[in-house]
Each structure stands twice: as structure tokens, then as C-alpha cells.
Amino acid sequence: MTDRELALRAWESLFRAQHELLAEMSGDFSAADITEAEYDVLLTVVRSGEMTARLRDVTANSLISQPSVSRLVDRMVARELITKAVDPEDGRGALLTATDAGARAFRQMATRHGRSIAERMSRLDDEELATLYALTQKLRGN
């Protein structure tokens, strides 16, 4: 059994570090063509085969609730960042596909955001980054 006090301190430090880094990086989106939430959806869609993902996969990978994802997806369809179609393998589900405009907006933001992440994470050396990655994977059960 781990030391409870140490576990609480480690959790609080991890939580606060994440919160502070996310707050710093939210500025990456201030002049962007897409919001952080849209980027999150497009991250799953664009990186899927043929730039198409099931809505349930987007929801599972998203940092927001299912009803919020559904409303966001509808807004993204209206903005022509993605298309939404009935999943032919599961008529109850939906397939989301990035449009050319959505993929372009994602790639532009991914380049900018990737540089920002690398800059902030450069506080750690490669060995520390590898350790952090291994530890977070372990915490996630992977």
C-alpha cells in the first residue's frame, strides 16, 4: 500500500501542473480558426482512417460530456468543418468525416499547438519525459 499522504500530494501536484499547463496553452487558440473543443473533436477524426471516426469514439476520447459533444458536432457540421452521416454498420450511430476545411484548420492549429506543447514540456529532459509518459500510462491502466 502506498503512503496516503504522499499519494495525495502527488495527485494534487499532477492535477495543478495539468491545470496550469492547459491554462497557458489555451492562449494558443485565441486567434485560431477553431476552438479548443473543435480541435479535440478533429484530433480524433483527422487521425482516424480516411479522416472518419464514429461519433461514439469521438465522445469516448473527448474531454467534454456526451451531450456537449453532440451539440458541438452539430455546430461543426454547420461550420462545414466535418460532415455527419449514418453509420452503415450501426444505424443508431454516426460517422464524422473531416472536410478539407476542417482538416486544414486542424493541421494549422496542430502545428502551432505542437510547438507550444514542445516548448512547455522542454522544462523536462528526454529521460524525465519518458518517465512521465510511462507513469501516466500506468495511471491510465495502459
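The values are calculated or read from the model by the stated rules, or taken from the named source; none is laboratory data. The shown structure was predicted, so the numbers you read here are calculated from the model rather than taken from an experiment. All Cβ positions, glycine included, derive from the backbone under ideal geometry; neighbour counts span all protein chains shown. Just the protein is used for accessible areas: all its heavy atoms, side chains included, with ligands, DNA and RNA removed. Shrake-Rupley method; radii C 1.70, N 1.55, O 1.52, S 1.80 Å.
A few points about this structure:
- Selected residue (only one of LEU95, LEU63 is of a type in the set (A, V, I, L, M), over 23 Å from LEU139 (Cα atoms) and either in contact with a helix residue (DSSP H, G or I) (Cβ under 6 Å, 6 or more places away or on another chain) or outside any helix (DSSP H, G or I) (or both)): LEU95
- Residue identified as open to solvent by less than 70 Å² (accessible area, probe 1.4 Å) and touching a residue at least 60 places away in the same chain (Cβ under 8 Å) among MET51, MET109: MET109
- A single member of LEU95, LEU81 is surrounded by 13 or more Cβ atoms within 10 Å (Cβ to Cβ), touching a Phe, Trp or Tyr at 6+ places or on another chain (Cβ under 9 Å) and at pLDDT 95 or above, and it is LEU81.
- Tally, over region 1-41, of residues that are surrounded by fewer than 10 Cβ atoms within 10 Å (Cβ to Cβ) and either of a type in the set (Ser, Thr, Tyr) or not in a helix (DSSP H, G or I) (or both): 5
- Conditions (1) surrounded by 11 or more Cβ atoms within 10 Å (Cβ to Cβ); (2) at pLDDT below 95; number of the one not met by GLU128: (2)
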